[in-house]
Every structure is written in C-alpha cells, then in structure tokens.
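Novice: Would you mind keeping the following structure in view while I ask a few things?
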Amino acid sequence: MIKKYLFMYRKNKNFGESVRVPGPNPLSALVRSANKFIFVAMLVSVVLTTAITDGIAAERQYAPGISDTEIKIGNTSPYSGPASTYGTIGKGVKAYFDKVNSDGGVNGRRINFITLDDGYSPPKTKELFRKLIEREKVAFIFQSIGTQTNSAVHRYINKKNIPHLFVASGATRWGQPKRFPWTMGWSPTYRTEGYIYGAYLLEINPNAKVAILYQNDDYGKDYVRGFKNALGDRVEAMVVAEETYEATDPTIDSQIINLRASGADTFYNVTIPKFAAQAIRKVYDIDWKPLHLLNSASASINATLRPAGPEKSKGIVTTTYLKDPTDVRWHQDPEYKEWIAWMDKWYPQGDKDNYFNVYAYAVAQTMVKVLEQAGDDLTRENIMRQAANLRKLRVKMLLPGITLNTSPEDFFPIEAMQMMRFDGEKWMRFGDLISMEDRQQVCFLDL
C-alpha cells in the first residue's frame, strides 16, 4: 500500500498513454530536510563552541609558571647561616600550601612552592633569584626573608615586572609603590615599630638615657629612624650611645660593654635572634639592669629567649600583631586550636611555641587570598593588582582588631601593634592596640 503512493501518473509523450513512473519521494525530501537541519545545527554548535572556547581562553590569562593545574611560586630563606632561626618560616609556609593543595588547591590549581637556601647572604640571594625567575620560571617571588638579602634583588625584580610579594622584612622601602611598584611588604614596618617604642619611652620616662645596638643595614637603621622620629627634639638629650654590628660578626659582647659604660638606663636592642640572645646574656652577666626594648623580629621565645635564658630575659618589652602561642589566654581560642591542628598534621616537626610558625601561617593565608581574588586572570599584573586591593582582610592568628589593608598608593598591609612584656615564662600583652595608619607621615619623615 505504501509503495503505490511513491509513484504518480504522468502522460507518456511517446505512446500517448498514461503510465506509472517513479516521481518525487516525500520521505526522501523529509530526510534531506532533516539532514540540512542537522548540518546547520552542527555548524552553529561548532561556531558557539569556538566562541565559548575563545572566551574562556581570553578570560584565563596566565603568567609564566602558571597553568590550568599549577601556580609556581619562588622563595629564598636562610635555612643556614647567621639568621637560620628564620628558616622555620619558609618551612611553615610550605606546610600551609601543602594543606591548601590537599584541599583542592587555589581555584583548582596546586601551589608549587620552590624554596631555596640563601644562607642570609645577599650574593647568594641574587644567584637564587635569577635561578628561580630565569630557569625555574616561577610566576612570582613570595615571602623571601631578610632586609639586606631582598635589598640586593628588588631593583632587579622590579625591572623584570615580577611581583615581589609580602617580603619577610619590615624595611620601609617595600612600601614605595611609585618607585618600586612590584615589591610589597607584609608586617608592620620597622619604622612603625621603632616609633611605638619611642612614644612609649617618652610616656613613661621622658628623661631616659638610651643606648642603642643595631644591625648596620636598613634592617637596623629603619628601627632607629622610627625611634628617633618619635623622640623628636628630645633625641640628643635622650640617646647617649649607639653601637652597630654586622650580620657576619661572631659576637657583640664588646658593643654591650661600651653601651653600658655610657650610663644608659634604657637599652634599645635592634638585632636578629642570634645576636639578640647574645645581648640578653651579656646584659645579664655584666649586671646591667636597663629597661630593655627588644624588636619584635627577635622576640621569639624559641629562637631568642630560651637560648639566652628565660630568667635573663625577664622584663624585656617588645611589640606584637599576632597571637603569641605561649600566651595561655589564647589556648581556648578557636583560631589557636585550628593552628595547633594544622601544626600537628602538616608541620609536626615545627615548634608550637615558636612565634615564627604563627607568622608563617598568617602570611601564607594572605597569599592564598590574593590568588583567590585573582581568579583565572593570573597574569603578573593582576596578581600585583589584587595584592594592592586588600580591604579589611582578617587572617587567622592576627590579634583582634587588626586587619590587612592595601591600595595602589598604600603598600603597608599591617599598621597596628600591641606592646607586651616577658614575665620569665611567657609574653604578657599590656596597653591598648596601637594603630599607626594616621601617623605614617610622622614615622617616615625622611622618605
């Protein structure tokens, strides 16, 4: 029955009769129409897919060292040499990134953290920065430790237009976006901290006689500048002696003896942990009993006070912006408990009393936040843009009330601290949180 409908009658011109001949097939026409539709649909699909793929490719822009699966970050740390006590920071940062990778990475990308030992030697730092950037092809440098070491490379990395982020040093030079737009610090500047000590001293003893020991580089000089800026026109009357040392010196005993001979009743100790411990011991051993102000970079109980002797360290005053792990008042704090759990699982060999491990945990969180903000636009330019776009960022283990804030004109993320005093066993905070955001011009008079 179906077959007869596939034919039509036409008149045969030759025989003058009607014959049944094959005619147009309605089913074939339908098939041809369907094929045309499928072809057009496929063509549209290809065009749309290409457009979408091109759009994704346009959105996903990567710096060298970054792919759909990896973010390669470089670092130098002093795992050996005179500042090796800071080496735990690099290890702690890596441990935090290991946790992040275990949780799925940042926007689906693993962090490949390449950290190398520069021994706190500027020439070695130069060599390793070139290796990380030119051979390893890292996307950027993060948390490289030391003032003199970073000072040796920050012009090079700025010329390369490579982010030099959250430098592990409070030198003021890391906060100059107009001159060095690719370099940013993280902690309060040394001048900020120095200013706080000076203001504190003016408040409790405006007639103090101060002896100062400091490292002969920007690390030490920045602390001293901030301190003197706070003293203002009282500087000449109050500062009675100054001694310096080099990071490569074996001891600072002679400097301590000279400072005591000045008759000072206040000792401003601006050193790295190795020399801070030496100074604390020597001050105690020669029976000098000044008010002892110690810079926070050397205030770790594990790295400084225990080697010096806790009983010899009693009464020392410093500042902090992080929760001190030895302060029992934090031990029921949820953030402290989370930090302890992280240490137990990801950095079990690390010392839970070491302030530097809290620091590593906090600064690594900041870096992850910047990468999260960058999304799939992981160019060096956008990573730097996001680092300069932190608004009231709260990372775990910062003191309550302290947040990170940056802008294209403000490369100083943390600008608040609190004072604390060592009681022979632990640090005890006192006084209110001190914010320096409104006093930058006073701190940085000679910039």
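The values are calculated or read from the model by the stated rules, or taken from the named source; none is laboratory data. Everything numeric here is computed off the predicted structure, so don't read it as measured data. Neighbour counts run over all protein chains shown; Cβ positions are idealised from the backbone, glycine included.
Novice: Is the stretch 87-105 home to any residue that is touching a Ser or Thr at 6+ places or on another chain (Cβ under 9 Å), crowded, with 17+ Cβ neighbours inside 10 Å and either not assigned by TED's automatic domain parsing to the domain that holds Val138 or not in a helix (DSSP H, G or I) (or both)?
Specialist: yes
Novice: Given the structure, is Asn161 buried (at least 23 other Cβ atoms within 10 Å of the Cβ) and either at negative phi or not in a strand (DSSP E or B) (or both)?
Specialist: no
Novice: Return the total of residues in the stretch 394-418 being under 13 Å from the mean Cα position of the chain (by Cα) and outside any loop (DSSP other than H, G, I, E, B).
Specialist: The qualifying residues number 1.
Novice: For the stretch 177-234, give me each residue that is charged (D, E, K, R) and within 16 Å of Val270 (Cα to Cα).
Specialist: Arg191, Glu193, Asp217, Asp218, Lys221, Asp222, Arg225, Lys228
Novice: So which of Ile133, Ile204, Ile114, Ile196 ends up being outside the structural domain of Met343 (by TED's automatic domain parsing) and farther than 24 Å from Leu390 by Cβ? Write out each step before concluding.
Specialist: Numbers: Ile133 fails: outside the structural domain of Met343 (by TED's automatic domain parsing); Ile114 fails: outside the structural domain of Met343 (by TED's automatic domain parsing); Ile196 fails: farther than 24 Å from Leu390 by Cβ.
Answer to the check: Ile204.
Novice: Related question: Could you identify the single residue in Lys131, Lys126, Lys72 that is over 25 Å from Leu378 (Cα atoms), in contact (Cβ under 8 Å) with a residue 12 or more places away in the chain and not in a loop (DSSP other than H, G, I, E, B)?
Specialist: Every option except Lys126 fails the conditions.
Novice: Assigned by TED's automatic domain parsing to the domain that holds Leu393, among the β-branched types (Val, Ile, Thr) and under 18 Å from Met436 (Cα atoms): is that true of Thr172 in this structure? Write out each step before concluding.
Specialist: On the way: assigned by TED's automatic domain parsing to the domain that holds Leu393: yes; among the β-branched types (Val, Ile, Thr): yes; under 18 Å from Met436 (Cα atoms): yes.
So Thr172 fits the description; yes.
Novice: Just give me the residues in the stretch 81-103 being over 17 Å from Asn302 (Cα atoms) and of a type in the set (S, T, N, Q), in sequence order.
Specialist: Step one: filter the stretch 81-103 for residues over 17 Å from Asn302 (Cα atoms), giving 81, 93-103.
Matches in the stretch 81-103: Asn101, Ser102.
Novice: Which of the numbered conditions does Asp353 fail, given that it passes all the others? Conditions: (1) acidic (Asp, Glu); (2) free of Cβ contacts under 8 Å to residues at least 60 places away in the same chain; (3) buried (at least 19 other Cβ atoms within 10 Å of the Cβ).
Specialist: (3)
Novice: Answer with yes or no whether Asn382 is part of a helix (DSSP H, G or I), closer than 30 Å to Ile162 by Cβ and in contact with an Asp or Glu (Cβ under 8 Å, 6 or more places away or on another chain).
Specialist: In short, no.
Novice: Can you confirm whether the stretch 380-387 contains a residue that is touching a helix residue (DSSP H, G or I) at 6+ places or on another chain (Cβ under 6 Å) and closer than 28 Å to Asn295 by Cα?
Specialist: First, pick out the residues of the stretch 380-387 that are touching a helix residue (DSSP H, G or I) at 6+ places or on another chain (Cβ under 6 Å): 382-383, 386-387.
Checking which are closer than 28 Å to Asn295 by Cα leaves us with 387.
Yes, the conditions are met somewhere in the stretch 380-387.
Novice: Would you mention how many residues in the stretch 134-144 are surrounded by fewer than 24 Cβ atoms within 10 Å (Cβ to Cβ) and either polar (S, T, N, Q) or outside any loop (DSSP other than H, G, I, E, B) (or both)?
Specialist: Going through the stretch 134-144 one residue at a time, the tally reaches 2.
Novice: Can you run down the residue pairs with Cβ atoms below 8 Å, 6 or more apart or on separate chains, where the first is in the stretch 406-426 and without any contact (Cβ under 8 Å) to a residue 40 or more places away in the chain and the partner is surrounded by fewer than 21 Cβ atoms within 10 Å (Cβ to Cβ)?
Specialist: That search, which allows pairs on different chains as well, returns Ser407/Ala388; Ser407/Asn389.
Novice: Let me ask something additional. Report yes if some residue within the stretch 291-314 is assigned to a strand (DSSP E or B), buried (at least 16 other Cβ atoms within 10 Å of the Cβ) and of a type in the set (Val, Ile, Thr); otherwise report no.
Specialist: The answer is no; no qualifying residue exists.
One line per residue, one yes/no per condition, for (1) modelled with pLDDT of 95 or more; (2) part of a helix (DSSP H, G or I); (3) aromatic (Phe, Trp, Tyr); (4) under 25 Å from Arg394 (Cβ atoms):
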| site | (1), (2), (3), (4) |
| --- | --- |
| Arg155 | yes, yes, no, no |
| Leu165 | yes, no, no, yes |
| Tyr195 | yes, yes, yes, yes |
| Ala208 | yes, no, no, no |
